[in-house]
Every structure is written in C-alpha cells, then in structure tokens.
Amino acid sequence: MPKLVDHERRRAEIIDATLRLVARDGLGGATMRAIAKELGVANGAIGHYFTNQDALLAATYEEVFARTNGRAAERAAGRRGLDALLATLRELLPMDAVTVDEARIVVCFWGRITTDERLRALLPKEHEAWTRSVQQMLEQAIEDCDLSAEAEPAPLAELLVTTVHAMQVRAVTLPHRTPPSMQRLLIEQILKPWTEPGTSLRGRWPADVAALHDPAEVPVDRSLLHS
C-alpha cells in the first residue's frame with residue numbers, strides 16, 4: 001500500500017526546517033535544496049507542499065508571528081492592564097534564546113520586503129495586531145489607575161511596538177548592546193512619565209525576567225536599573 005502522509009504535519013516540518021536555516025544561515029541559506037537536505041528528502045519533495053520558495057517563505061514568516069503571538073497570549077492569560085502589557089512585551093522583545101532567534105528571522109525577512117509583495121502585505125497586518133493589543137492593555141492600565149489618565153494609548157502603543165521592532169534589529173546588529181536589562185529599562189523609561197505615584201514598574205514584569213542574565217561584556221549602567 002502507498003505510504004500515507006499527513007499533509008499538514010509535513011508542511012509544519014518543512015516550515016520548521018526553514019526557520020532553523022534562516023536563524024542559522026540567513027535567507028540566503030534557506031534554498032529549496034538546503035531545506036530538502038535539512039529534512040533528508042529529495043529536492044523535489046517540497047514542491048508537493050509549497051508551489052515555490054516565495055510561498056514557503058511567506059508561510060514561514062507567518063509562522064514566526066503565530067508562535068510569538070501564541071506565547072504572548074499564554075503569558076497574558078488571566079492578566080489585564082499593566083501586568084498583561086509587560087507579560088506580552090516579555091515575549092515580543094528579544095530577551096532570550098528563542099526570541100533572539102525569532103528576531104534574527106524577522107530581520108532577515110524585512111530585508112526582502114521591498115521586493116516581495118506577499119511579505120510586504122504581512123508586516124502591516126502583524127504590526128497593527130500588536131499595536132491594537134498593546135493599546136487595549138494601556139487603556140486597561142489607565143482604567144486601573146496604574147497609568148495617568150493623561151496618557152494617550154494610541155501613540156504610546158505605536159511607540160512601544162516600534163521599540164520592540166528596534167530592539168529586534170539591535171539584537172541582530174548590536175547584540176552585546178541589547179541585553180535584557182537594557183530592553184527592560186527602555187520600556188520602563190517610556191512608561192515612567194505616565195505611571196501613577198505608587199505604581200512600581202519593576203515589580204510588575206513576569207518573574208522570569210529577573211533571572212535573565214546579560215552577557216558579561218555588556219556595559220550597562222547598573223545605577224539606572226535600580227532607580
């Protein structure tokens with residue numbers, strides 16, 4: 001009997017292989033031949049699941065965001081306002097091995113956006129989804145009196161999401177200048193002017209943020225981190 005193949009499972013395996021290659025070797029290393037070799041299959045096997053490399057790369061790009069969004073949703077579950085916001089940012093920012101790899105992948109894809117219509121259509125969709133979610137959490141933080149009523153959620157959400165994208169670029173281009181402590185500090189500095197008296201930002205991050213270690217050679221001003 002012919003061997004039955006789970007179509008969706010095989011597509012997922014191909015995307016996983018593509019993610020590994022892009023994180024390790026960049027987009028230039030994610031050729032159809034290299035992906036087939038990574039999977040241990042014939043060169044033509046991938047064509048049964050993706051019509052061409054552009055379709056595969058678009059699916060891979062969407063998968064990166066789907067994984068990030070899934071983890072962020074899990075982090076924020078049962079939380080609201082400031083707690084939900086910081087839990088979400090913990091997963092969006094390149095603070096650990098997983099999120100740094102994701103930063104490498106998305107930055108590689110951004111370089112292709114100017115010439116790839118399919119990818120160019122995906123980035124605004126993801127950016128807008130993140131911004132809407134962050135804005136909703138900021139509105140809740142104002143309702144909860146953690147942030148000042150004078151704070152403007154829409155532009156503040158844009159600033160926070162833009163900062164996330166900037167940190168993803170820095171994690172790739174200047175990794176030793178972008179430690180977890182500095183990312184946390186930048187977010188806190190953005191929110192600090194709008195924080196109500198008595199609200200501590202430092203104590204509202206998920207517990208594991210404090211356990212994230214900076215590379216030893218990172219020149220971070222520790223006095224700022226405990227202000």
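Read the figures in this text as sums done on the coordinates, not as results from a lab. Model, not experiment: these values are computed from the prediction. Here the Cβ is made from the backbone with ideal geometry for all residues, glycine too, and neighbour counts use every protein chain on show.
A few comments on the model shown:
- Column: log10 I(q)/I(0), Debye, Cα scatterers of the stretch 1-50, q = 0.15, 0.17, 0.28 Å⁻¹: -0.38, -0.48, -1.10
- Max mean-square fluctuation residue, GNM over the chain, Cα-Cα springs under 10 Å, options ARG132, ARG33, ARG80: ARG33
- Surrounding net charge for GLN140, when Lys and Arg each add one and Asp and Glu each subtract one, Cβ distance under 11 Å: -3
- Positive dipole terminus of the stretch 1-50, leading residue within GLY44, ILE14, THR31 (C-beta point charges): GLY44
- Stokes-Einstein D for the chain, Kirkwood Rh over Cα pairs, 10 °C, 1.306 mPa s (µm²/s): 83 µm²/s
- Cα lying deepest toward the dipole's positive end in the chain, options TRP130, PRO206, VAL172, charges on Cβ: VAL172
- Fewest-first ordering of LEU85, LEU191, LEU186, LEU156 by other beta carbons within 10 Å of each residue's beta carbon gives LEU186, LEU156, LEU191, LEU85.
- The stretch 47-149: Cα Rg divided by the 2.2 N^0.38 Å rule of thumb: 1.25
- A Cβ-based charge dipole, computed about the Cα centre of the chain with Lys and Arg at +1 and Asp and Glu at -1, lands at about 720 debye.
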